[in-house]
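The values are calculated or read from the model by the stated rules, or taken from the named source; none is laboratory data. Predicted model, so just to flag it, every value in this text is computed and none were measured. As a convention, Cβ positions derive from the backbone with ideal geometry for all residues, glycine included, and neighbour counts pool all protein chains shown.
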């Protein structure tokens with residue numbers, strides 16, 4: 001792909017177009033012990049000081065780093081701009097919207113493209129490369145703001161270089177397949193973790209990057225008559241589409257992310273720190289050895305800027321990162337505990353689904369071995385790292401289901417792999433050569449390995465599943481404030497068509513993301529802002545500890561507008577409730593087959609005064625509309641072929657047969673076995 005891109009076109013066409021995995025997966029801290037690597041440069045022989053550096057916080061997090069080139073040198077030799085280099089992430093609530101998934105993305109994309117275009121023009125006129133002074137590595141607030149915890153593992157930048165300088169002027173953002181090759185330009189193995197504890201992010205990116213391989217696998221199955229020819233699976237390019245505008249020569253990149261119910265954007269330059277031990281290697285994320293593509297480094301830096309500093313991405317949840325890059329919804333599973341009866345067929349289907357990304361982690365229950373990980377983590381048995389985030393790339397089931405395997409990747413991209421049955425050195429591959437051929441097994445020290453379903457559930461059973469939506473799906477978004485009055489927390493959804501194909505919908509209730517505290521508080525560089533950001537949720541008056549959602553069927557008749565009459569009519573759908581007590585950002589209810597009629601959607605268990613958003617994702621054939629009950633049908637979003645009646649007369653009750661309505665209605669009922 002060319003050195004310049006705006007809006008996904010070539011330069012000549014620029015203006016054309018509920019369980020506790022949270023703690024388990026927040027512990028992953030990268031593959032380099034930065035405290036040992038970056039010692040204070042001093043002649044002091046004070047043993048106590050040395051001990052403090054080993055066991056306490058890294059010395060360098062409390063001061064501005066000394067980085068080459070200096071800010072003054074860059075401002076003199078580069079082009080800078082007064083143009084905003086990020087969209088404004090506002091407090092909730094915002095303006096209600098109805099659009100499709102693609103158009104919602106495109107509106108913000110166009111804003112980003114225009115801002116990048118102005119910078120590119122400035123670079124062209126001045127003959128200089130772009131420098132972003134708002135996010136350079138010489139400021140403590142951009143790396144380790146006040147409130148940075150003692151276990152910070154962000155490497156210390158000492159020297160920065162341009163990506164084009166590091167990889168050569170002919171480097172590309174995405175390397176296209178050569179003639180005769182069918183490889184996707186983005187692959188799960190393209191990105192490798194560096195000297196920062198963002199295994200959750202690198203794992204998330206790897207999982208999203210596996211999309212192309214999953215699509216190709218499905219197309220191959222269709223060609224071989226092993227899949228339904230009528231089922232359409234499109235290549236959504238989920239990684240490529242995030243980099244909406246860039247110019248390699250100017251060193252400017254515009255990148256999109258999803259935050260608090262809508263798409264946002266940031267613009268970065270291409271200055272990245274290099275390792276003090278090897279000036280040809282990036283300090284943080286890198287592309288795999290032999291590649292000369294830039295997107296891994298660009299995406300990581302943009303994600304750090306989205307959260308206003310690098311320490312913000314030092315530890316986190318893979319599922320949250322996937323949501324931030326796809327706008328999807330997340331489900332947590334504990335396959336060794338509460339969800340041990342989760343169906344293999346359900347897992348296999350999701351692992352192979354091109355619109356699903358799965359992460360996993362080695363839980364606290366796994367036995368430990370002597371020694372520690374490369375960043376101080378506890379070592380688990382069979383080569384695993386406890387509290388570390390891994391990525392599920394795929395899964396395989398032999399004919400008859402005798403052999404069930406899961407393909408997993410360690411974001412370190414090295415020899416740190418599973419060492420039990422079906423590992424790279426396992427005898428199982430010699431015992432089952434047909435399976436080795438079927439899965440295209442290769443023994444490489446690349447972080448990728450196979451593991452049996454039984455071992456996976458026990459050793460890597462802390463699972464996050466994120467599903468994102470096709471560009472054709474539509475979205476209705478409402479904003480509100482939790483109230484003690486039930487009527488104020490109630491929405492009505494109308495389904496006008498539900499057959500051929502069936503109407504499908506996902507109801508998502510969300511609140512403020514505490515990771516956006518830097519963007520929302522008046523003092524973004526304050527200790528309060530960073531403490532909220534790193535706390536994982538607590539934010540008094542802004543984030544509710546409890547959050548709940550309920551979806552109920554009201555019948556085909558026009559519903560009354562009084563809340564007490566609605567409550568008499570309602571019949572909660574199977575799997576129609578969702579709740580959380582961990583300050584989660586979102587909860588959701590998935591309904592795969594809806595009847596024609598009216599539905600009552602209620603915000604429950606939320607602290608009074610907390611702002612929220614309600615998003616209804618649905619397939620376009622469903623012809624859905626929705627409105628806030630106090631505002632009435634005249635305010636409805638979406639498809640609106642229905643009579644508007646605002647009378648208070650109670651309609652005749654209709655017999656509810658939803659329980660006998662055929663079709664699956666959610667993960668919980670379909671995806672669990674009676675027997676393990």
- Using the structure shown, decide if residue 399 is farther than 23 Å from residue 192 by Cα and in contact with a strand residue (DSSP E or B) (Cβ under 8 Å, 6 or more places away or on another chain). no
- Message: Tell me yes or no: at least one residue of region 511-531 is assigned to a strand (DSSP E or B) and under 17 Å from the mean Cα position of the chain (by Cα).
- Response: yes
- Query: What are the residues in region 551-569 that are part of a loop (DSSP other than H, G, I, E, B) and under 20 Å from residue 484 (Cα atoms), if any?
  - Reply: 561, 562
- For region 367-471, which fully contained strands (runs of 3 or more DSSP E) count at least 1 residues that are at pLDDT 90 or above? 389-397, 404-409, 448-452, 462-467
- Task: Select from region 112-151 the residues that are modelled with pLDDT under 95 and farther than 22 Å from residue 68 by Cα and write down the one among them that is surrounded by the most Cβ atoms within 10 Å (Cβ to Cβ).
- Result: 148
- Item | Residues within region 459-482 that are more than 24 Å from the chain's Cα centre (by Cα) and surrounded by 16 or more Cβ atoms within 10 Å (Cβ to Cβ), tallied | 2
- Item | In region 536-549, the residues that are crowded, with 22+ Cβ neighbours inside 10 Å and touching a strand residue (DSSP E or B) at 6+ places or on another chain (Cβ under 7 Å) | 543, 544, 547, 549
- Note on the structure: Picking from 284, 347, the residue that is crowded, with 19+ Cβ neighbours inside 10 Å and within 21 Å of residue 392 (Cβ to Cβ) would be 347
- From the list 579, 544, which residue is assigned to a loop (DSSP other than H, G, I, E, B) and over 19 Å from residue 477 (Cα atoms)? 544
- Message: So, restricting to strands (runs of 3 or more DSSP E) that lie completely within region 217-297, which ones have at least 1 residues that are within 27 Å of residue 351 (Cα to Cα) and either in the same structural domain as residue 121 (by TED's automatic domain parsing) or modelled with pLDDT of 90 or more (or both)?
- Response: 243-247, 252-259, 262-269
